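> There's a structure below that I have some questions on.
The values are calculated or read from the model by the stated rules, or taken from the named source; none is laboratory data. Quick caveat, the model's predicted, so the values are computed rather than measured. Cβ sites come from the backbone with ideal geometry, for glycine too, and all protein chains shown count toward neighbours. Heavy atoms of the whole protein, side chains included, go into the accessibility calculation; ligands, DNA and RNA do not. Shrake-Rupley method; radii C 1.70, N 1.55, O 1.52, S 1.80 Å.
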Amino acid sequence: MRRRLGSALCAFGAAALAFLTVAAAPSPAQAQAQAQRPKHAGAPEAFVSLRSVDPTILQDMRYATDHTFMGEAVDGYRQPVCILTRPAAQALKKAQRTLLRSGYTLKVYDCYRPQRAVDHFVRWAKDLDDTAMKGEFYPRVDKSRLFADGYIAEKSGHSRGSTVDLTIVRLPAGPTRPYVPGEKLKPCFAPKSERFPDNSVDMGTGYDCFDTLSHTDDPRVQGMQRSNRQLLKSTLAAQGFTNLPEEWWHFTHKPELFPDTYFDFPVARRSVAGH
């Protein structure tokens, strides 16, 4: 009797275990979804920190600060770190070598930009009552025109990882004081001695200046300002970068590694840890 009872219990236990195993096993659709799910929220292996490729390039990551056209740090910028696709970063390293021989250095303002940051721009642009930074960044443009005039868009090439905003600084590089929230604003197109101080060479306007004077080849920009823009443009063009004609600071490395993908991982060191 005990032997038959023991056998029955063993059979029952085996059946129960088999049932639980089948119930716990994912369906084919679930298994495929699990295989496609990223292991972490970081960047693909093709992305790197610019500092790991060339630590000599200066970094002034504006969107991680309050000194932006919105007057606040931008969503997704958790740390002031420049992240780019590896080919773009290596191309910048080559451009930097050229400039260093002439007594200059590159300085980046923005690199990879997550989609959540672009969404933040869009929300801000639709709030026509928020014009706190108009006096510096868009004095001559009505905020209601930012979309129509192309200053704000719902997608940005920066989110693909091969676009960078940058300038040139003469060596030895002097310091740039931090922006103080609430300070008196000066137009971004004012003479260099009057607008917000930047250790960059004089490019005719400040960074992120929403004005036609920011167009790379605007005929009103002459003399040393024009020469400085052409130095930046020609140096980067030699390494495969294409300039956006409306912004003297905006360059995209071609061919893009991800021409159709807009990423949204945060700007943080951990996003490219180990790459």
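> For the chain, what class follows from the C-alpha gyration tensor (a ≥ b ≥ c being the square roots of its eigenvalues): rounded when a/c is under 1.5, otherwise prolate if a/b is larger than b/c, else oblate?
prolate
> Rounded to the nearest percent, how much of the accessible area of the chain (1.4 Å probe, protein heavy atoms only) is carbon and sulfur?
56
> With the contact rule set at Cα under 8 Å and sequence spacing of 6 or more, what percent relative contact order holds for the stretch 206-275?
25
> A further question follows. Counting only heavy atoms of protein chains, what accessible area per residue, in Å², does the chain have with a probe of 1.4 Å?
52
> Which of Leu128, Leu84, Leu106 moves most in a GNM of the chain, Cα contacts under 10 Å?
Leu128
> Hey, rough spin-label estimate for Thr56 and Lys94, points 7 angstrom out along Cα→Cβ, what's it come to in nanometres?
Computed distance between label sites Thr56 and Lys94 equals 1.6 nm.
> Indicate the gyration tensor shape class of the stretch 236-275 (rounded, prolate or oblate), computed on the Cα atoms with a ≥ b ≥ c the square roots of the eigenvalues: a/c under 1.5 is rounded; otherwise a/b larger than b/c is prolate and the rest oblate.
Judged from the Cα gyration tensor, the stretch 236-275 comes out prolate (a/c at least 1.5, a/b above b/c).
> Also, I was wondering about something else. Peptides 257-263, 162-168: what's the order by average Cβ count within 10 Å, highest mean first?
Put in order of decreasing packing, that is 162-168, 257-263.
> Related question: Could you calculate the FRET efficiency of Ala173 with Thr65 from 1/(1 + (r/R0)^6), where r is the beta carbon distance between them and R0 is 25 Å, rounded to 0.05?
After rounding to 0.05, the efficiency reads 0.85.
> Next up: Straight-line reach only, C-alpha to C-alpha below 14 angstrom: list the aspartates and glutamates that Lys94 could link to, leaving out same-chain residues fewer than 8 apart.
Lys94 reaches Asp54.
> Under 8 Å for C-alpha pairs, at least 6 residues apart: give me the relative contact order for the stretch 88-170, rounded to a whole percent.
Computed over the stretch 88-170, the figure is 52 percent.
> Now a separate question. I'd like the Karplus ³J(HN,Hα) series for the stretch 56-70: coefficients 6.51, -1.76, 1.60, θ = phi - 60°, whole numbers in Hz, and an x wherever there's a Gly or Pro.
For the stretch 56-70, the Karplus curve yields 7, 6, 5, 10, 10, 6, 4, 6, 8, 10, 7, 8, 10, 5, 9 Hz.
> Would you compute, for the Cα atoms of the stretch 173-253, the largest minus smallest coordinate along each principal axis and list the three values in descending order, in whole Å?
Largest first, the stretch 173-253 extends 39, 26, 21 Å along its Cα principal axes.
> Give, as ranges by residue number, the residues of the stretch 113-135 whose backbone N falls under 19 Å from the point 7 Å along Cα→Cβ of Glu183.
Once the point is set 7 Å along Cα→Cβ of Glu183, 132-135 turn out to lie under 19 Å by backbone N, inside the stretch 113-135.
> In the chain, once you exclude exposed GluC sites (Glu not before Pro) (DSSP loop, at most 13 other Cβ within 10 angstrom), what's the longest stretch remaining?
The longest uninterrupted stretch comes out as 46-153.
> Just to check I understand the Karplus step: with θ = phi - 60° and J = 6.51 cos²θ - 1.76 cosθ + 1.60, what whole-Hz values come out for the stretch 137-146, glycine and proline as x?
For the stretch 137-146, the Karplus curve yields 8, 8, x, 9, 10, 6, 4, 5, 9, 4 Hz.
> Please state the relative contact order of the chain as a whole percent: Cα pairs under 8 Å, 6+ residues apart?
Averaging sequence separation for qualifying contacts and normalising by length gives 24 percent for the chain.
> Helix-only mean residue ellipticity at 222 nm, the chain, DSSP H runs n ≥ 4 weighted -39,500 (n - 2.57), per residue, nearest 500. What is it?
Rounded to the nearest 500, it is -9500 deg cm²/dmol.
> Rounded if a/c is under 1.5, else prolate if a/b is larger than b/c, else oblate: which is the stretch 124-275, with a ≥ b ≥ c the root eigenvalues of its Cα gyration tensor?
It comes out rounded by the Cα gyration axes.
> Quick one: check the C-alpha center-to-center distance for the stretch 125-161 versus the stretch 210-231, whole angstrom.
21
> Any idea what the dipole of the chain comes to, in debye rounded to 20, about its Cα centre with Lys/Arg Cβ at +1 and Asp/Glu Cβ at -1?
1360
> Between Thr242 and Glu194, what is the label-point separation in nm under the 7 Å Cα-to-beta-carbon projection?
Going from the Glu194 label point to the Thr242 one covers 3.7 nm.
> Right, something else. Give me the extension gain from Leu231 to Arg270: residue separation times 0.36 nm, minus the current Cα-Cα distance, reported in nm with one decimal.
Taking 0.36 nm per residue and subtracting the Cα distance, the gain is 10.6 nm.
> May I pose another question? Please report, ordered by residue number, every helix of the chain (full DSSP H runs) that is 15 Å or longer along its axis going by C-alpha atoms and whose mean Kyte-Doolittle hydropathy reaches 1.0.
Answer set is 2-24.
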